[in-house]
Amino acid sequence: MPCLAIYILLLADITEAQTPGTPLTAMQNYRRGRELEAMNRMDEANTYYNEAVRICLDEVSRNAATRDTYTALTWTMQRQRRYSEVITWGERGLRAFSDEYRVVEMMGEAFFYLDNYARCLAYMQRYVNAVPQGERTSIAYFFIGEVYRLTEKYRHADIAYTTAVRLEPTMALWWYRLATVREEIGDQRPAIEAYQQALRLNPNYREARTGLARLQGN
């Protein structure tokens, strides 16, 4: 779930000039795949994702792996929902580069999708503590909010979601999640405001409209 500004930056990287005949790097293949996935061209995206993985594994086998190797590898496997492999390769990458926080954050996401909320929380907190202004800090706070919501720690979830939307205010889903936890703890006015913001960003957000109507008694 990348922020709009980050996604635009990635697309800019994709379109940068390349020397004719020069093979794409693993990271460039990953980014091409992301562009195609965003256009719902998943079969084509997987062609680039598979090549990114191949390049990374080749670099590992040749003892030529860099920070970008493990970052591109875990990012790509995450897009392909290969969450257990993200964990395996992420752990290996962090043994080599313990401060590669791009991998740390991706480990947190993988653990979330594997329903291991305690490990997800540990990695996401490690990420936000280390790089409070990182490119994926807002996303990390969103996942922290998700963990607290799913474990019914609603006030903690409120704090995490509030931080996420402060850092990235354009995500309708995030505002909706914030509204739901505020509703759970009985903060009606702040919940209404969050539902309203979700609807400003996405007027067709049915669940947000239902939640708003419920609180307003309509």
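Before moving on, here are some points about what is shown:
- Test result for LEU36, modelled with pLDDT of 95 or more, under 19 Å from the mean Cα position of the chain (by Cα) and closer than 29 Å to PRO132 by Cβ: no
- In the set (1) out of contact with any helix residue (DSSP H, G or I) (no Cβ under 6 Å at 6 or more places or on another chain); (2) over 21 Å from VAL128 (Cβ atoms); (3) in a helix (DSSP H, G or I), ARG155 fails one condition alone, (2).
- Among the criteria (1) farther than 19 Å from ARG82 by Cβ; (2) part of a helix (DSSP H, G or I), the one ARG119 does not fulfil is (1).
- Which listed residue is touching a residue at least 60 places away in the same chain (Cβ under 8 Å) and buried (at least 24 other Cβ atoms within 10 Å of the Cβ), from ARG136, ARG182: ARG136
- Within region 121-158, considering residues that are hydrophobic (A, V, I, L, M, F, W, C) and under 12 Å from the mean Cα position of the chain (by Cα), the one nearest to GLU100 (Cα to Cα): MET124
- Matching helices (runs of 4 or more DSSP H) fully within region 32-105 where at least 1 residues are in contact with a Gly (Cβ under 6 Å, 6 or more places away or on another chain): 42-61, 67-79
The values are calculated or read from the model by the stated rules, or taken from the named source; none is laboratory data. None of the values given here were measured: they were computed from a predicted structure. In this analysis, Cβ positions are derived from the backbone assuming ideal geometry, glycine residues included, and neighbour counts consider all displayed protein chains.
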